[in-house]
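K.L.:
The following block contains the structure, expressed as structure tokens.
The values are calculated or read from the model by the stated rules, or taken from the named source; none is laboratory data. The structure displayed is predicted, hence computed values, not measured ones. No Cβ is skipped: glycine too gets one built from the backbone with ideal geometry, and neighbour counts run over all protein chains shown. All accessible areas refer to the heavy atoms of the entire protein, side chains included, with ligands and DNA or RNA removed. Shrake-Rupley method; radii C 1.70, N 1.55, O 1.52, S 1.80 Å.
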Amino acid sequence: MSKRKLALIAATFVSIIYGITFTIAKDVMPKYAGAFGFIIIRVGGATILFWLFWLLNRRSKEIRDEKIDRADYPRIIWCGFFGVALNMLSFFKGLSLTSPISASVLMVSTPIIVLVLSAIILKERMKKRKILGIVLGLIGTTFLILYGKSVGNATNASLGNFLVFVNAASYGLYLVIVKKLMDKYNAFTFVKWIYLIGFIMVLPFGWKEFQAIDWSIMPIDNYWKIGFIIVFSTFLTYLLNLLSMKELKPTTIAVFVYLQPFFATIFAISLGKDELTLVKIISAILIFTGVYLVSHKKK
């Protein structure tokens, strides 16, 4: 199997994990843990895993001898901010206020955001078809933010949807700026620094909520769900995404985000956690149409 096919499989697996995460995370917060307090657990746990993994793989000459150029540390700091801190703070706070399906549908705007940022930062040429896709996607996103009143545990759907959109924009920018690091270094060389920096950034926001968590009333199954989010939804997904970037472009990686609503919807509805509404269907159609126009290549 070619490296490109393996990268595509890895990107698909990431979408499946993220799709499941939308519902699993809602079982933990905000009832048992505040959104920002939960981020301390997630980022802190993943940071430990990345550093342990790096230490265990130091026998590899490639990893042991590779040094990061001083000029690349500002880029790593920005990756820590957009790829970890802002990304997760806005996502988990938004998810605690909205529903799993609304959050996952909004994440579909990521490919459109990546295309715009690639045009601005990487000076990639934009075609009329792609511009139309961007407009349709943004209309769908705005429609969902303003009118996507969600059922279930959505306490403030409008604000929650907006924060998830901020998360999508932050993640899109991260995909663009981290690409140069992937082209230059082994993923294990710099990802541990990205997460350590991100953890330091989220600490002031989540420490109070983290201290307020009452572990004595936490259901046993929630410990497994927290473990799933740390190991699979954070550590494994970030690792697979970085490894996929060795073979795929940021825009290609971002396009796989549109699989998340499909998996999230199946998982959430199967557990009775959410339901479809007309607003979500119309918004999804607009966003999916925009993503198709952006990502489709004429032969």
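K.L.:
Of all residues being surrounded by 11 or more Cβ atoms within 10 Å (Cβ to Cβ) and among the small types (Gly, Ala, Ser) in the range 42-75, which is nearest to Val191 (Cα to Cα)? Just the residue, please.
P.N.:
Among residues in the range 42-75 that are surrounded by 11 or more Cβ atoms within 10 Å (Cβ to Cβ) and among the small types (Gly, Ala, Ser), the one nearest to Val191 (Cα to Cα) is Ala46.
K.L.:
Something else now. Residues Lys192, Lys149, Lys180, Lys130: which one is at pLDDT below 85, of a type in the set (Lys, Arg) and open to solvent by less than 60 Å² (accessible area, probe 1.4 Å)?
P.N.:
Lys130
K.L.:
Go through the residues of the range 76-95 one by one and say whether even a single one is out of contact with any helix residue (DSSP H, G or I) (no Cβ under 8 Å at 6 or more places or on another chain), surrounded by fewer than 20 Cβ atoms within 10 Å (Cβ to Cβ) and assigned to a helix (DSSP H, G or I).
P.N.:
No, the conditions are met nowhere in the range 76-95.
K.L.:
Further, regarding this structure: How many residues, within the range 218-246, are surrounded by fewer than 21 Cβ atoms within 10 Å (Cβ to Cβ), modelled with pLDDT of 80 or more and outside any helix (DSSP H, G or I)?
P.N.:
2
K.L.:
While we're on this one: Tell me which residues, restricted to the range 163-173, are under 27 Å from Asp69 (Cα atoms) and open to solvent by 10 Å² or more (accessible area, probe 1.4 Å).
P.N.:
Tyr171, Leu173 - these are the residues of the range 163-173 that are under 27 Å from Asp69 (Cα atoms) and open to solvent by 10 Å² or more (accessible area, probe 1.4 Å).
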